Amino acid sequence: MGKVTTGFSMSLDGYISGPGDDVNRLFRWYFAGEADYEVPSGDTVYKMSQDGAEMIQEAGQAAGVLVSARRTFDIAHAWGGKHPMNVPVVVVTHEVPKGWANDGAPFTFVTDGVESAIEKAKQIAGDKSVALGAPSIVQQCLKAGLLDEIHIDLVPVILGDGIRLFEHLGIDPVDLVTTDLNVGPGVIHITFRVVK
């Protein structure tokens with residue numbers, strides 16, 4: 001069975017988005033290189049460093065499912081019906097949104113908590129990884145001891161406000177081991193294994 005992993009572009013002061021959910025400053029590195037990277041859904045092509053493109057491609061190929069929060073699902077307008085990673089999406093929610101509970105949709109809605117969502121995601125992913133795509137889901141999985149790996153694309157900017165990835169955890173310190181590190185134009189890619 002694959003690992004439970006997450007990855008976000010993050011400012012030096014820990015924000016994964018600025019005020020109003022703005023991610024433009026954090027995603028500049030997606031357009032700061034010369035290598036083409038087409039997202040698996042085929043909807044977008046980024047121009048990033050060769051290392052960055054290879055890293056994102058590898059992570060995308062390893063993922064079998066994405067677990068997201070209802071807020072992220074709503075902000076992204078359900079990614080137009082298909083996530084850019086082109087994998088099934090498990091959405092943790094209190095209530096299933098109207099119009100999405102139909103056969104053939106790439107979304108599975110789980111209403112009984114993050115642990116149940118991860119269990120369902122692992123069933124869907126099989127031997128592949130479960131990727132977490134919302135800060136609230138990352139925080140809940142970290143608290144529950146379900147997270148295996150954290151990838152941060154550290155962007156050299158201080159945002160000062162927005163949404164932090166590790167806000168209000170209320171947990172004992174969590175030790176991490178750096179497993180990979182490389183520098184690209186406008187970004188430092190760091191991967192950590194969560195010590196359990």
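Annotations
- Per the conditions (1) under 17 Å from the mean Cα position of the chain (by Cα); (2) closer than 20 Å to Thr44 by Cα, the sole criterion not satisfied by Val114 is (2).
Results for (1) farther than 26 Å from His189 by Cα; (2) in contact (Cβ under 8 Å) with a residue 24 or more places away in the chain; (3) of a type in the set (Val, Ile, Thr), shown as yes or no for each residue.
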position: Asp112; (1), (2), (3): yes, no, no
position: Gly126; (1), (2), (3): yes, yes, no
position: Val130; (1), (2), (3): no, yes, yes
position: Ala134; (1), (2), (3): no, yes, no
position: Cys141; (1), (2), (3): no, yes, no
position: Ala144; (1), (2), (3): no, yes, no
position: Ile150; (1), (2), (3): no, yes, yes
position: Val157; (1), (2), (3): no, yes, yes
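- Filtered residues of segment 66-80 (kept if within 16 Å of Phe8 (Cα to Cα), of a type outside the set (Ser, Thr, Tyr) and touching a residue at least 40 places away in the same chain (Cβ under 8 Å)): Leu66, Val67, Ala69
- Single unsatisfied condition, Val23 versus (1) out of contact with any strand residue (DSSP E or B) (no Cβ under 6 Å at 6 or more places or on another chain); (2) not in a helix (DSSP H, G or I): (1)
- In the condition set (1) over 22 Å from Tyr30 (Cα atoms); (2) not in a helix (DSSP H, G or I), Ile118 is compliant with all but (2).
- Residue among Leu159, Leu169 that alone is at pLDDT 95 or above, within 18 Å of Gly14 (Cα to Cα) and assigned to a loop (DSSP other than H, G, I, E, B): Leu159
- Residues being at pLDDT 90 or above and closer than 25 Å to Pro97 by Cβ - total across segment 20-75: 17
- Test: residue in segment 98-107 that is over 25 Å from Trp29 (Cβ atoms), buried (at least 19 other Cβ atoms within 10 Å of the Cβ) and not charged (D, E, K, R): yes
The values are calculated or read from the model by the stated rules, or taken from the named source; none is laboratory data. Remember, it's a predicted structure, so these values are computed and weren't measured experimentally. Virtual Cβ from ideal backbone geometry, glycine too; neighbours counted across all protein chains shown.
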